[in-house]
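Worksheet: the structure to be examined is printed underneath.
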Amino acid sequence: MGGPETPPHPPPSAPRSGRVLVRAGGAPEMAPHTPPSAPRSSRGLDRAGGSAVPVVTEPRVHVHDVELAGLERDVLVLTAEERRWGRRRVTTRAGRALALALPTGSVLVPGDVLYVGPGWYVAVEAAAEPVLAVTPRSREEAVRVAFEVGNRHFTLALDGEQLLVPDDPAMDQLLTRLGVDFERRAAVFVPVGPGHGHDH
């Protein structure tokens, strides 16, 4: 009698890799290549679209004028309300993109240097915006207007002898009720103190 018969070798189990597909005819086909994630710089540059966008994490760069000599000056023009928006993408006057990621509560100050790049830098500039300009007839009237504006959580700015408040229907109604002289015009609005914008 012959020796014991060797049992047939069991077929190998199906491959476990998720990168092998099987066509209807049985031939294996490699799965499509998974693209790598978008590159990210250690400095937090956003490279979407093929161009790096600097990420600004501080409201002011401490730099001396002598260090800026010879660099191109670019500006970021913002209204008073926009200078409080710490997380957004912005575009400078020259068309450069910046991504703001500022600490909570940051307020950009006109004149401050916001970012220094290779051969250029960006400074903050206040935009002219619609305001109501009040010309108080006395110191007492000026104090009363300032109190009433602040009591309604609106901001107020000084422009020579005039008080400036946002051109808002609520402010229009307030000043009309107080009986003070005011006019509508466009002006740079830099609020006094850390006041907060009013929710409409």
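Laboratory data are not the source of any read-out in this text; all were calculated from the coordinates shown. Since this is a predicted model, take the numbers as computed values, not measurements. Here the Cβ positions follow ideal geometry from the backbone for every residue, glycine too, while neighbour counts run over all protein chains shown.
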Residue match in the range 179-189 (condition: assigned to a loop (DSSP other than H, G, I, E, B) and buried (at least 17 other Cβ atoms within 10 Å of the Cβ)): yes
Residue ranges of strands (runs of 3 or more DSSP E) in the range 90-138 with at least 1 members among the charged types (D, E, K, R) and surrounded by fewer than 14 Cβ atoms within 10 Å (Cβ to Cβ): none
Which numbered condition Glu67 fails, given (1) closer than 24 Å to Ala187 by Cβ; (2) part of a helix (DSSP H, G or I): (1)
Test: residue in the range 75-89 that is within 15 Å of Tyr121 (Cα to Cα) and assigned to a loop (DSSP other than H, G, I, E, B): no
